[in-house]
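Visitor: Take this structure, written in structure tokens, and hold onto it; I'll ask about it next.
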Amino acid sequence: MNNFIDKLAESLTPFAAKLGNNRYLTVLRDAFMLAFPLTMFGSIVVVLNNLPFFSDNLKGTLGTLFGNGQNATMSIMTVFVAFGIGYYLTKSYDEDGVFGGAVALASFLILTPFNFATAEGVEIAGALTTDRLGAKGMFIGMFAAFLATEIYVRIKKRGITINMPDGVPEAVSRSFSSLIPAIGTLTVFLLLNASVVGLLNTNLHDIVYTFIQKPLTGLGSSLPATLLALFLTQMLWFFGLHGQVIINSVLDPIWQTLSLENLEAFKAGQELPHIITKSFMDTFTVGLGGTGMTLMVVVLMAFVMKSQQMKEIGRLGIGPGIFNVNEPVIFGLPIVLNASVAIPWILTPLVVTTFNYFMMYSGIFPLTTGVIVPWTVPLFFSGMMATNSVMGGVLQLIDVVIVAAIWFPFLKVQDRLNLKEEV
């Protein structure tokens, strides 16, 4: 068994390290983190406006008064992500990030239709819709931001800039230095948009949404793809690599888009379209005690196991575990490279996620509404916030019972070995 683990580690570690250090995945992660405080504020507004015991009339009034808290944050999340990609990608090339972010955002907006049709078929010109700046525009926003930044940086690196003499204020000098690269980049996107509109009589938003975003989100919302992502996350953590940073950097754009689509449906009083969302992944996987759902593991160690080693690690892990921080048990038990707990470590998230998926699919428990709940919110409360129902918290309580049932026999075996060593 140990030989197999060593060989697997030799194969996976270099690949995971390269993936984790990839420039574009790192930039994408940082861009979403830039938008995180804003989307969190929007989520809190949505939760407070739609508390389960409020009447429909009160919810409508609160939506009118405070709805812009969500409209100006979560509903236009692509704006912040596009700017963040431009900013961080430009900085990674040691260039001025602010101008790169501004050019990336402007490039995305050039590709965005400034018109929409009402439900009655009336065409409204000179206006943007939040879906183009939110869920529906997420992938075109990322595409535009990455491409625009690469063009902008390459023009700057070639020295095609206006250099001002010494003594000119720094802000003026930086602005003129970015003038030609910005004009060149925006011209490319203007011509691209004109070609799509003129030749195809459509827009790049609809093309990307239909042929790329919709199939990818459909794949990302499936149970098999979710289980594969969880399996890879657990495997990477088993070898001491931060699985979430590596895997989520690839899948977060898909899960975030699914959350935004659920949120739009929730606001409109429609049926929620997706079970798997960013909220689902945060609340019903990490929200059960951290990666691997280990809150009940530390509880069992602290209060049920008999060896002094188990008890000490369990007691140390309970405090952080309540807030879904579980490094003490990952490196203290340890879980990393510990073949005796590899099975429950990898198996538990797969079993619990499958159970939750079918509980929600059957309608027994509610779906996540799309609000982003901080991953540090304790068990039960995070479930209620994510689903706008106390049943979400109840589902989490059932989950931790399943976790305990899977882990108990493996912990007991380890506990007996520890007792022999202590004696």
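Visitor: If we keep just the residues of the stretch 322-340 that are β-branched (Val, Ile, Thr) and open to solvent by 40 Å² or more (accessible area, probe 1.4 Å), which is farthest from residue 221 (Cα to Cα)? Spell out the reasoning first.
Guide: Kept after step one, since they are β-branched (Val, Ile, Thr), are these residues of the stretch 322-340: 322, 325, 329-330, 335-336.
Filter once more, so that each one left must be open to solvent by 40 Å² or more (accessible area, probe 1.4 Å): 322, 325.
Details: 322: 28, 325: 26 Å.
Step by step, filter the stretch 322-340, then rank; the result is 322.
Visitor: So, one more: What single numbered condition from (1) closer than 30 Å to residue 150 by Cβ; (2) under 21 Å from the mean Cα position of the chain (by Cα) fails to hold for residue 45?
Guide: So the condition that residue 45 fails would be (1).
Visitor: While we're looking at this one, here's another question. Within the stretch 43-90, work out how many residues are crowded, with 23+ Cβ neighbours inside 10 Å, closer than 18 Å to residue 132 by Cα and of a type in the set (Gly, Ala, Ser).
Guide: Summing the residues that are crowded, with 23+ Cβ neighbours inside 10 Å, closer than 18 Å to residue 132 by Cα and of a type in the set (Gly, Ala, Ser) in the stretch 43-90 gives 3.
Visitor: State yes or no: is residue 122 free of Cβ contacts under 8 Å to residues at least 24 places away in the same chain, open to solvent by 60 Å² or more (accessible area, probe 1.4 Å) and more than 21 Å from residue 209 (Cα to Cα)?
Guide: The answer is yes for residue 122.
Visitor: Looking at the stretch 158-170, is at least one residue open to solvent by 50 Å² or more (accessible area, probe 1.4 Å) and under 30 Å from the mean Cα position of the chain (by Cα)?
Guide: no
To keep it simple, each residue is scored yes or no on (1) touching a Leu at 6+ places or on another chain (Cβ under 9 Å); (2) modelled with pLDDT of 90 or more; (3) among the acidic types (Asp, Glu).
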{"residue": "118", "(1), (2), (3)": "no, no, no"}
{"residue": "136", "(1), (2), (3)": "yes, no, no"}
{"residue": "141", "(1), (2), (3)": "yes, yes, no"}
{"residue": "148", "(1), (2), (3)": "yes, yes, no"}
{"residue": "151", "(1), (2), (3)": "no, yes, no"}
{"residue": "164", "(1), (2), (3)": "no, no, no"}
{"residue": "168", "(1), (2), (3)": "no, no, no"}
{"residue": "181", "(1), (2), (3)": "no, yes, no"}
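Visitor: Quick check: anything in the stretch 394-416 outside any helix (DSSP H, G or I) and of a type in the set (A, V, I, L, M, F, W, C)?
Guide: Keep residues of the stretch 394-416 that are outside any helix (DSSP H, G or I), which gives none.
Checked the stretch 394-416: no residue is outside any helix (DSSP H, G or I) and of a type in the set (A, V, I, L, M, F, W, C).
Visitor: Hey, another quick one. Among 314, 319, 287, which is the only one that is without any contact (Cβ under 8 Å) to a residue 60 or more places away in the chain, surrounded by 24 or more Cβ atoms within 10 Å (Cβ to Cβ) and among the small types (Gly, Ala, Ser)?
Guide: On the way: 319 fails: surrounded by 24 or more Cβ atoms within 10 Å (Cβ to Cβ); 287 fails: without any contact (Cβ under 8 Å) to a residue 60 or more places away in the chain.
Sole residue among the options that is without any contact (Cβ under 8 Å) to a residue 60 or more places away in the chain, surrounded by 24 or more Cβ atoms within 10 Å (Cβ to Cβ) and among the small types (Gly, Ala, Ser): 314.
Visitor: Look at the stretch 169-196 and say how many of its residues are of a type in the set (Ser, Thr, Tyr), part of a helix (DSSP H, G or I) and within 21 Å of residue 82 (Cα to Cα).
Guide: 3
Visitor: How about the stretch 329-344: which of its residues are in contact (Cβ under 8 Å) with a residue 12 or more places away in the chain, assigned to a helix (DSSP H, G or I) and farther than 22 Å from residue 380 by Cα?
Guide: 330, 332, 339, 340, 341, 342, 343, 344
Visitor: Which pairs do you get when a residue that is in the same structural domain as residue 256 (by the TED database), found in the stretch 357-374, comes within reach of a residue that is among the aromatic types (Phe, Trp, Tyr) and in a loop (DSSP other than H, G, I, E, B), reach meaning Cβ atoms under 7 angstrom, with the pair 6+ apart or on two chains?
Guide: Correct list of pairs: 359/365.
Visitor: In the list 117, 106, 127, which residue meets the criterion of being closer than 23 Å to residue 257 by Cα and in contact (Cβ under 8 Å) with a residue 24 or more places away in the chain? Give the steps one after another, and end with the answer.
Guide: Numbers: 117 fails: in contact (Cβ under 8 Å) with a residue 24 or more places away in the chain; 127 fails: in contact (Cβ under 8 Å) with a residue 24 or more places away in the chain.
Only one candidate passes the filter, namely 106.
Visitor: Let me ask something additional. Read through the list (1) within 25 Å of the chain's Cα centre (by Cα); (2) part of a helix (DSSP H, G or I), then give the number of the only condition that residue 272 fails.
Guide: The one condition residue 272 does not meet is (2).
Visitor: Ok, one more. In this structure, is residue 343 over 19 Å from residue 226 (Cβ atoms) and open to solvent by 30 Å² or more (accessible area, probe 1.4 Å)?
Guide: yes
Visitor: Can you pull out every residue in the stretch 178-211 that is more than 31 Å from the chain's Cα centre (by Cα) and crowded, with 20+ Cβ neighbours inside 10 Å?
Guide: Residues satisfying the conditions are 178, 181.
Visitor: Which condition does residue 352 not pass, out of (1) without any contact (Cβ under 8 Å) to a residue 24 or more places away in the chain; (2) within 29 Å of the chain's Cα centre (by Cα), if it passes all the others?
Guide: Exception for residue 352: condition (1).
Visitor: Could you tell me which residue of the stretch 251-262 is nearest to residue 208 (Cα to Cα), considering only residues that are within 9 Å of the chain's Cα centre (by Cα) and either surrounded by fewer than 22 Cβ atoms within 10 Å (Cβ to Cβ) or aliphatic (A, V, I, L, M) (or both)?
Guide: Per the stated criteria, the residue is 254.
The values are calculated or read from the model by the stated rules, or taken from the named source; none is laboratory data. None of these values were measured; they are calculated from a predicted model. So basically every Cβ, Gly included, is an ideal-geometry build from the backbone, and we count neighbours across all protein chains shown. Remember, those area values only see protein heavy atoms, side chains included, never the ligands or the DNA or RNA. Shrake-Rupley method; radii C 1.70, N 1.55, O 1.52, S 1.80 Å.
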